[in-house]
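Working notes, structure below.
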Amino acid sequence: MLRAGLLLPRSTFYPSLGIDFFNGLKELLKYKQIKDDFLLTTDNIGFGVNEQEIYTKAEKMILQDDVDLVILFADVMITELLQPLFSATNKILLTVNFGANFPENWTPGATAITHTLNFCWHTSLTGELAAKETNKQAVNIVSYYDGGYRQCFCMLNAHQVNGGIPVYNHITNIRTEQFTLDPVLSALKENTDVSTLLCLFSGDQAERFYAEVTRNTELSRLNIYVSPMMLDEQLNLSAGKTESVCHVKGYIPWHSSLKNEANISFQKHYNENTGNKANYFSLLGWESGLLLHEIKKQHDTGNTNASNIIVALTNIVVESPRGRIKTDTETHYTYGPAYLAERSKLSDIKIVEELNGADGSWQKFTKTKLSSGETSNWRNTYLCI
Amino acid sequence: MNNIKIILLCNNPVAVPGIREFLFHGNITAVCIPEKNKEMQHILNMLLKDTGVPLLLLSKKDYRIQLAVAIEQYKPDIGVIMTFPYVLPAEIITMPAKGFVNFHYGLLPACRGPQPILWHLLNNDTEAGVTLHQLDAGIDTGPVITQEKISIAQNDTYGTLQTKLAYLAAKLSANFLKILSYGTIIPSAPQDESKAAYYNMPGAKELTIDWKMMSAEKIIRLVNACNPWNKGAGTSINNWVIGITEAEISEAGSEEKLPGTIIFCDKANGLTVQTSDNKKLIINIIYTNEGFFSGWKLGEFGVSAGMMFT
């Protein structure tokens with residue numbers, strides 16, 4: 001039996017995040033009939049901000065509970081601090097998050113693997129697409145919260161690297177009652193050539209954004225390029241004057257409508273056993289379970305050395321609900337397909353196409369570096385607030 | 001950040017960003033350097049001014065006793081080494097409760113020895129890095145706590161790479177302080193001896209260009225590896241030894257000439273030399289006993305096209 005420690009986050013923003021993730025993981029273990037092969041120990045790490053708490057809990061799991069691996073739902077900044085502990089004790093550190101940040105140094109620890117939904121890569125692809133499809137000039141709109149993650153840098157940087165020109169930047173107030181797009185409307189009046197918005201929102205701010213856009217034809221007629229959480233099926237959207245939002249586009253890692261067998265099984269099993277619809281959080285849990293399954297297979301063949309297991313994982317492809325998941329040899333980051341999605345009506349998201357050449361695109365993305373100079377970002381795990 | 005007390009031993013400005021990090025968090029109780037190192041004395045006097053942290057000067061003859069006395073007096077929890085030329089005996093290493101750790105400015109176990117930055121460049125490695133390891137009786141052989149790598153850029157000199165590694169060490173210092181503060185153990189893993197290699201200080205031959213054997217790229221690496229500390233890679237012409245401090249590769253040679261042959265030596269074309277792989281090397285800066293000059297100014301010393309470097 002393998003012992004796995006889980007350090008799980010909480011979120012008041014998305015209260016079901018931790019439990020959906022855990023359910024996704026548990027249901028996969030049941031689905032693969034390997035539930036009894038794992039002893040799971042869980043602990044809570046809040047919003048993923050307190051380094052000392054996370055370090056202490058991870059160390060306790062290793063030294064006292066003698067786990068074989070720890071699944072840590074937290075952001076990349078924490079992982080760097082923990083890698084020496086895991087390398088030294090030859091335990092696997094499986095870091096899970098949404099991929100809304102990328103590391104300053106992509107070089108992985110020998111026993112570390114990072115599983116994400118690759119949001120930074122997707123926003124980067126979306127920024128590039130916006131520059132290629134439009135007349136280059138764009139207004140950037142981000143929420144105060146979403147702007148504090150490197151996915152924001154990725155979208156705006158990719159847009160500019162590909163010839164895009166930022167004409168105006170607007171950051172919305174975190175207080176819903178003070179949310180306004182009036183400065184954007186003023187900027188559009190002064191810059192009549194602009195036909196593109198680059199947008200990063202999540203949760204209620206995303207809902208508020210769409211409500212404002214559908215209320216105003218000056219906005220709804222524009223090409224709107226968005227982050228993955230703005231194409232999240234969980235958003236509770238209510239239209240303003242019109243349901244039509246013209247051209248809302250963006251790259252996303254997964255959608256419930258994907259027709260592959262793994263996705264159909266995932267949603268059916270998850271829904272039947274939990275009574276809930278699958279979402280990004282349960283998907284992350286399910287996929288983490290798939291990785292646990294692969295780790296177990298390695299143990300079954302006698303490969304019990306953590307760093308050798310990670311090497312083995314870089315040589316296999318996992319059939320996931322979002323398609324084929326690979327583990328990058330250079331970075332130990334997992335990545336899957338990228339889908340271009342379009343929201344032509346508020347209630348209607350369609351997958352337009354799957355990105356061709358995803359491997360090369362991913363490799364290129366992992367060369368991304370922050371601009372030189374001082375930077376700042378939120379320290380909590382994305383969506384854990 | 002924590003109450004960890006550190007005694008820090010160093011001998012090179014590469015340690016400065018790391019020392020700043022430890023000073024910022026208020027962890028250093030004393031800094032020790034060899035007494036003969038006047039440059040570091042000057043730097044550290046400035047750095048430690050108004051901090052209350054003493055600078056202790058150690059002699060080569062008595063450093064063991066001086067260190068033992070300092071550890072007794074300042075009672076550090078741990079000793080941190082960021083370049084130090086003297087070997088510490090086991091009885092000193094074990095004096096602080098958490099022992100000693102060493103910041104090695106190279107990748108272990110593949111690049112042990114006193115000049116890892118230089119050897120990463122001379123070996124044409126694509127990556128360099130900083131390794132933090134626990135000190136044991138051997139040289140650079142202790143268990144590794146953490147290691148971080150960076151790519152070596154094509155135009156990296158010894159100096160630019162050293163600066164990058166200095167700041168990388170500062171980042172590792174910050175993380176190490178957290179590990180010391182949060183954890184109950186200092187995590188470390190033994191080095192893989194099958195991948196270990198030890199490099200001594202390079203001799204004159206290793207720092208001299210072999211025009212017959214070395215490709216243009218290899219010459220550039222050697223030149224960069226010697227810049228600035230050795231003033232350049234050694235070569236000679238008519239028994240006159242000079243250093244090549246900065247050079248670049250031009251287009252492929254248009255005609256076959258013997259490696260080392262000077263093709264041009266004038267202001268318009270610069271100092272251009274044939275290499276063994278039929279490329280032209282433009283030598284931008286040279287060092288002589290008379291000073292640093294643009295390469296083509298060798299002409300003023302009687303050097304001309306057709307002559308050969310050997």
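Under the simplified labelling scheme, the B:Glu35-B:Lys267 pair shows an inter-label distance of 5.4 nm, with each label point 7 Å from Cα along Cα→Cβ.
How big is the C-alpha Rg of the protein assembly as shown next to the rule-of-thumb value 2.2 N^0.38 Å, as a ratio? Before the final figure, lay out each step's value.
Values: Rg = 29.4 Å, N = 695, 2.2 N^0.38 = 26.4 Å.
Ratio of Rg to 2.2 N^0.38 Å for the protein assembly as shown: 1.11.
Normalised by residue number, the volume inside the convex hull of the Cα atoms of region A:320-385 is 182 Å³ per residue.
A full extension of the chain between B:Asp62 and B:Arg20 corresponds to an added length of 12.4 nm, given 0.36 nm per residue minus the alpha carbon distance.
The reciprocal of the average 1/r between distinct C-alpha atoms defines the Kirkwood hydrodynamic radius, which for chain A equals 21.3 Å.
Show that you can apply the helix-only estimate: for chain A, add -39,500 (n - 2.57) for every DSSP H stretch of four or more residues, divide by all residues, and state [θ] at 222 nm to the nearest 500. Provide the component values of the computation, followed by the final result.
Numbers: 12 runs with 146 residues, N = 385.
Theoretical 222 nm ellipticity from helices: -12000 deg cm²/dmol.
Calculated mean residue ellipticity at 222 nm for chain B: -7500 deg cm²/dmol, from DSSP H runs with n ≥ 4 weighted as -39500 (n - 2.57), summed, divided by the residue count and rounded to 500.
Centroid-to-centroid, using Cα positions, region B:151-176 and region B:220-274 are 28 Å apart.
Fewest neighbouring Cβ atoms within 10 Å first, the residues B:Leu222, B:Leu67, A:Leu237 line up as A:Leu237, B:Leu67, B:Leu222. State whether region B:54-185 is rounded, prolate or oblate according to the following rule on the C-alpha gyration tensor (a ≥ b ≥ c being the square roots of its eigenvalues): a/c under 1.5 gives rounded; otherwise a/b larger than b/c gives prolate, and the remaining case gives oblate. Note, shape of region B:54-185 comes out prolate. Relative to the first principal axis of the alpha-carbon coordinates of chain B, what is the inclination of helix B:38-48, with its axis defined by its Cα atoms, in degrees from 0 to 90 and to the nearest 10? It is inclined by approximately 50 degrees. Taking 19 Å as the cut-off, the amide N atoms of region A:1-32 that come nearer than this to a point 7 Å along the Cα-to-beta-carbon line of A:Ser265 belong to A:23-32. Computed from Cα atoms, the angle from the helix A:150-161 axis to the main principal axis of chain A rounds to 50 degrees.
Can you figure out the FRET efficiency of A:Asp66 with A:Asn276, using R₀ = 35 Å and their beta-carbon distance, to the nearest 0.05? Write out the running numbers ahead of the final one.
Working: r = 33 Å, r/R0 = 0.95.
Efficiency, from the Cβ-Cβ distance: 0.55.
Classified by the C-alpha gyration tensor, region A:45-121 has a prolate form. Its axis ratio a/c, with a ≥ b ≥ c, is 1.5 or above, and a/b is larger than b/c. Between B:Lys75 and B:Glu290, residue separation times 0.36 nm minus the direct Cα-Cα distance comes to 72.3 nm.
According to the square roots a ≥ b ≥ c of the eigenvalues of the Cα gyration tensor, what is the shape class of region A:1-83, taking rounded for a/c under 1.5, prolate for a/b larger than b/c otherwise, and oblate for the remainder? Kindly include the intermediate steps, with their values, before the conclusion.
Working: a/c = 2.34, a/b = 1.19, b/c = 1.96.
Oblate shape, in that a/c is at least 1.5 and b/c is the bigger or equal ratio.
Radius of gyration over Kirkwood radius for region A:168-324, both on Cα atoms: the Rg/Rh ratio is 1.13. Give the separation of the Cα centroids, region B:44-77 to region B:4-33, in Å. First find each Cα centre; the distance between them is then 11 Å. Site pair A:Leu237 and A:Asn162 shows an inter-label distance of 2.1 nm when each label is modelled 7 Å from Cα along Cα→Cβ. Between B:Cys226, B:Cys111, B:Cys265, the GNM of chain B built on Cα springs shorter than 10 angstrom shows B:Cys265 fluctuating the most.
Counting beta carbons within 10 Å around each of A:Ser220, A:Ser307 and listing the fewest first gives the order A:Ser307, A:Ser220.
Per residue, the convex hull around the alpha carbon atoms of region B:1-82 comes to 78 Å³. The trypsin sites (Lys or Arg not before Pro) found in region B:116-223 that occupy coil by DSSP, while having at most 14 further C-beta atoms within 10 Å, are B:Lys212.
For chain A, the longest principal axis of the Cα atoms and the long axis of helix A:280-300 meet at an angle of about 30 degrees. When only Cα pairs below 8 angstrom with a gap of at least 6 residues are kept, chain A shows a relative contact order of 21 percent.
Please report the relative contact order for chain B, taking Cα pairs under 8 Å with a sequence separation of at least 6, and give it as a percent rounded to a whole number. Relative contact order for chain B comes out at 14 percent.
In terms of surrounding Cβ atoms within a 10 Å radius of their Cβ, A:His122, B:His42, A:His255, B:His133 rank from fewest to most as B:His42, A:His255, B:His133, A:His122.
Over chain B, the Kirkwood radius and the radius of gyration, each from Cα atoms, give a ratio Rg/Rh of 1.06. The alpha-carbon of A:Lys189 sits under 30 angstrom from the alpha-carbons of these lysines, leaving out residues fewer than 8 places away in its chain: A:Lys132, A:Lys136, A:Lys241, A:Lys249, A:Lys345. Which pairs, out of A:Lys32/A:Lys277; B:Lys205/B:Lys231; B:Lys218/B:Lys297; A:Lys326/B:Lys149; A:Lys26/A:Lys350; B:Lys231/B:Lys280, put more than 18 Å between their alpha-carbon atoms? The answer is A:Lys32/A:Lys277; B:Lys218/B:Lys297; A:Lys326/B:Lys149; A:Lys26/A:Lys350; B:Lys231/B:Lys280.
Since every read-out is calculated from the coordinates, none of them should be taken as a lab result. Please read these numbers as outputs of a predicted model, since none were measured by experiment. Glycine also receives a Cβ, built like all others from the backbone with ideal geometry; neighbour counts cover every protein chain displayed.
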